[in-house]
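The values are calculated or read from the model by the stated rules, or taken from the named source; none is laboratory data. Everything quoted here is computed from the prediction, not taken from an experiment. When we count neighbours, we look across all protein chains shown, and the Cβ atoms used for this are built from the backbone with ideal geometry, even at glycine.
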Amino acid sequence: MKNNCEIKRLSSAQFAQWDTYVKAHQQGSFFHLSGWQSVIEQSFNHPCYFLYADNAGKICGVLPLVEVKSKLFGHALVSTPFCVYGGAIADTNDIVRQLEQEACQLAEQLQVDYLELRYKDAQASTLLLKQAHSTFGCDIAEDSDKILANVKKKQRAVIRHSLKNELKCSITDGSSVTSSGKNDFTDFYQLLSTSYRNLGTPIFTKHYFENLMATFADCSDIAVIRDNNNQASSAVMNFYFNEQVLPYYGGGNDSARGLKSADFMYYQVMCHAQEKGKTWFDFGRSKNDSGPYKYKKNWGMEPQPLHYYYHLVNANELPNLSPNNPKYKFFINMWQKLPLKVSQIIGPFLSKYLG
C-alpha cells in the first residue's frame, strides 16, 4: 500500500473524512482531530501542515504538523503543539514511516531547529527519543459510589472531605459558553490565569479558549466549582473523544487547597462523564516526578511514559523547554511576582510559542 499512497495537505473539504478516520483508528486521539488546524491558525497564526496519505481518494494515514517560530524559544515543526499526543497514525507501519519521512523533508525545507512528534506509544522509528513526561488514566466505574471506591484510599479520604464542604459544581457545554455560560467561562479563565501565574507560566489568550469551545462545541464543556458563598474556587475545561473524557485545562485560586475543590472537581468530572456513557478518564500528561505527576499517582493511576521523537535540523541537541531548565528560572520567579492582570496582558505574547 505504501507505493500507492500519495501524501497530500489537508483542506476544509477533507475535514469530515479526516475526523472519521481519526475516530475509527485505534491510535487516534482528540489531538489528531482536524479542528486543531482551525484553532491554531485562528488563535496563534502558526502555519499548519496537516498531512494525510491518500489511496484512490481514501485516507489511509494522517499526520498533523504545526510550525512554531520564536526568537526566544526556537523554531520547530511539531505534532502537535498545545497537545499531549500527536504523531502519525495510519493503516500500516509503512505508511506511518512514509508520513514521518515527509515530515522530516518538510522540516528540512522550513529549516527549523527540530521536528517533534508526540507519540503516546513506542514507535519502530529511527528518530531520536526523549521521555520526559508520562500520561495517566483510569477506567470509569458504572456509578458514583464505585468511582469513589476505585480511588486510592488516601485520595479517597480527601474527596470525602471535599464532599462535606458544601461545594457546588456547574457544567456548561461548549455550545452554551457564548450565551448562558458566560459567567462560567469568565470564572474559568480567571482561575486558570491565577494558576498559570502562580506557576510562573504565561497564560494563553482568552481568544484561544473561546476558539476551542467554538470549534469543539459538541465535545467540550467547562466545570466550575463554587463554595457556599457562590465564589468560584476551581475550574477545568474538558474534552470528550470516543469513550474518553479529558480534563485538560484546569486551575484554581488560593481557596482551592483548603476547600479540596480540585479533588471534588475531578471526581465530579468523572461522575458526569459516566452519565454521558464515557468509560475512560484521561488525566493527561505531567513531567516525570513533578508535583502534578505525584498528585495523579495519589489517585491510584499508574504513569505511562510518553514517547516524543525528534529529527534535528539546525539544532545540535534535543530541546529543553522545561520549567526546571536553569535558563528559565529567573523568568519564572519574575513571572510569579506579576499582578494577575499584567500576566493576562503579557502572557499571550509568549505562550503562543510554548506549545
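Summary of values
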| quantity | calculated |
| --- | --- |
| Among the residues listed as ILE147, ILE140, the single one being within 21 Å of the chain's Cα centre (by Cα), of a type in the set (A, V, I, L, M, F, W, C) and in the same structural domain as LEU246 (by TED's automatic domain parsing) | ILE140 |
| Options LEU110, LEU128, LEU115, LEU106: the member that is at pLDDT 95 or above and touching an Asp or Glu at 6+ places or on another chain (Cβ under 8 Å) | LEU110 |
| PHE185 being under 22 Å from GLN344 (Cβ atoms) and touching a Lys or Arg at 6+ places or on another chain (Cβ under 9 Å) | yes |
| Verdict on ILE147 being closer than 30 Å to GLY28 by Cβ, in contact with a helix residue (DSSP H, G or I) (Cβ under 6 Å, 6 or more places away or on another chain) and not in a helix (DSSP H, G or I) | no |
| Only listed residue being under 26 Å from ASN211 (Cβ atoms), touching a residue at least 60 places away in the same chain (Cβ under 8 Å) and not aromatic (Phe, Trp, Tyr), chosen from MET265, MET301, MET237, MET270 | MET265 |
| Test for ASP184: is it within 19 Å of ASN230 (Cα to Cα) and of a type in the set (D, E, K, R) | yes |
| Options GLY74, GLY57: the member that is at pLDDT below 95, surrounded by 15 or more Cβ atoms within 10 Å (Cβ to Cβ) and not β-branched (Val, Ile, Thr) | GLY74 |
| Residue within the stretch 15-34 that is modelled with pLDDT of 95 or more, buried (at least 17 other Cβ atoms within 10 Å of the Cβ), assigned to a helix (DSSP H, G or I) and hydroxyl-bearing (Ser, Thr, Tyr) present | yes |
| Extreme residue, nearest to CYS104 (Cα to Cα), among residues of the stretch 116-144 that are in contact with a helix residue (DSSP H, G or I) (Cβ under 8 Å, 6 or more places away or on another chain), surrounded by 12 or more Cβ atoms within 10 Å (Cβ to Cβ) and small (Gly, Ala, Ser) | SER125 |
| Any strands (runs of 3 or more DSSP E) falling wholly within the stretch 52-113 and containing at least 1 residues that are more than 17 Å from GLN26 (Cβ to Cβ) and within 21 Å of the chain's Cα centre (by Cα) | 66-70, 74-79 |
